[in-house]
Amino acid sequence: MLRIKLYSIFVDDQAKALRFYTDVLGFVKSQDIPDGGGFRWLSVRAADGGDTELSLEPNVNPAARAYQQALLAQGIPVTAFEVDDLQAEVGRLRRADVEFTKPPTQMGPVSIAIFLDTCGNLIQLYQRARS
C-alpha cells in the first residue's frame, strides 16, 4: 500500500517560511536538521496531529525556481490545505495580514480561497460541502 507521508514545496527563505507556516498558519515544526551546506531538512505538520509532513525545501535549483515562478505568475497554487470552516479561516488569516489573491469562492462541491505564503507560493484553502 502506498501512502503520502511527505510533500515538498520550494521556498525562497527557509527561516521566513518556518515563521509563516508555524506562527501564521499554525503548523508545528516536525523536522529541523542541518544538511551541512547551509540549508536544513525542514518540515512542518498539522498541529492537531497526523503524520503527514510538509517539507520546506530551499529554492536554490534554477529549474525549481523557474517552476515556482511560473506557477506564481500563472496564479496556480502549489498545494492545497483542507479547512473545516473556510470563512473563519480566511478571516483569521486576513487579521494576520495574509494577502489573498482569490476570496472564498464556491467551486462545485467545494469552496476555495487562495493566498500568498510570503515565500514565493500560492496556497489554496478548501472546504468540502457539508453533508
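The values are calculated or read from the model by the stated rules, or taken from the named source; none is laboratory data. This is a predicted model, so every value here is computed, not measured. All Cβ positions, even for glycine, are placed from backbone atoms using ideal geometry, and neighbour counts span all protein chains on display. For accessibility, only protein heavy atoms count, side chains too; no ligands or nucleic acids. Shrake-Rupley method; radii C 1.70, N 1.55, O 1.52, S 1.80 Å.
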### Message
Rolling a 1.4 angstrom probe over the protein chains, ignoring ligands and nucleic acids, what is the accessible area of Y7 in square angstrom, nearest 10?
### Response
90
### Task
Beyond 17 Å, what share of the Cα-Cα pairs of the chain is found? Please give it as a whole percent.
60
### Query
Helix 86-95 sits at what angle to the longest principal axis of the chain, using alpha carbons and giving 0 to 90 degrees rounded to 10?
60
### Task
Can you tell me the relative contact order of segment 1-79? Whole percent, Cα pairs under 8 Å, sequence separation 6 or more.
33
### Message
With every protein chain kept in place and ligands, DNA and RNA left out, what is the accessible area per residue of the chain? Probe 1.4 Å, answer in Å².
### Response
59
### Query
When only DSSP loop residues count, what trypsin sites (Lys or Arg not before Pro) in segment 1-108 have their Cβ near at most 15 other Cβ atoms within 10 Å?
R3, K5
### Summary
Heads up, segment 1-62 by the C-alpha gyration tensor (a ≥ b ≥ c square roots of eigenvalues; a/c under 1.5 rounded, else a/b over b/c prolate, else oblate) looks oblate
